[in-house]
Amino acid sequence: MREDEITEILAPCGLDCKRCVAYLDGDISDSSMHLKELLGNFDAYAERYSRFFPVFSNYPAFKEMLQKFIDADCPGCRNGHPLYPNCGVATCPSIESKDIDFCFQCDQFPCDKPQFHPSLDERWRKKNKRMAEVGTIDFYAESLKETRYP
């Protein structure tokens, strides 16, 4: 995969938009649609199965969650619609002006602009340091071996 293609997939913070639960036409949305198609009209079966396996009584809630995954509508941070409106990375002047593609390319990295939850802040720092070490192409290849939500 070319670097420009990777730049479209990875958010400026280094997270993989394509594998995000909210990403429009992302892996989770696509897989959820496939699962919904496989299940077809499972409602009646879930009700019957719940007599033997109580967990199937949760099927309506599962179906609602599955639909939420299918209805993902975030086009990604690079398209002007960050999932978290207060994200300091998406609104960073260097990113908005397209002077840089990723945080690690900024001479102020790491900074306090992201305003992330501490666990996400740690991931942001690690991901950008790794991109700086190996480059975006190798970083992306490595990231495909990891879960999106550790």
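A short reminder: the numbers here are calculations on the coordinates, not readings from a lab. Here the structure is a predicted model, which is why all the values come from computation and not from measurement. All Cβ positions, even for glycine, are placed from backbone atoms using ideal geometry, and neighbour counts span all protein chains on display.
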**Item:** Of ALA22, ALA90, ALA44, the one that fluctuates the most in a GNM where the chain has Cα springs shorter than 10 Å
**Value:** ALA44
**Prompt:** What net charge is computed for the residues neighbouring ASP27, neighbours being all others with C-beta under 12 Å from the C-beta of ASP27, Lys and Arg scored +1, Asp and Glu -1?
**Reply:** 0
**Message:** At q = 0.08, 0.10, 0.12 Å⁻¹, what log₁₀ I(q)/I(0) does the chain have when each alpha carbon counts as one equal point scatterer in the Debye sum?
**Reply:** -0.30, -0.45, -0.59
**Request:** Output the direction-averaged projected area (hull surface divided by four) of the convex hull of the alpha-carbon atoms of the stretch 31-102, in nm².
**Result:** 6.7
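Taking 10 °C and 1.306 mPa s as the conditions, I'd like the Stokes-Einstein D for the stretch 27-71 in µm²/s, using the Kirkwood hydrodynamic radius from alpha carbon pairs. Each step should come with its number before you reach the end.
Values: Rh = 10.8 Å.
In µm²/s, the coefficient rounds to 146.
How would you rank LYS145, LYS36, going from fewest to most other Cβ atoms within 10 Å of each one's own Cβ?
With the fewest neighbours first, LYS145, LYS36 line up as LYS145, LYS36.
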**Request:** Pull up the cross-link candidates among the lysines for LYS145, meaning alpha carbon to alpha carbon under 24 Å and not fewer than 8 places away within one chain.
**Result:** LYS18, LYS126, LYS127, LYS129
**Prompt:** According to the Cα gyration tensor, what semi-axes, each the square root of 5 times an eigenvalue, does the equivalent ellipsoid of the stretch 76-147 have, listed from largest to smallest in whole Å?
**Reply:** 19, 14, 13
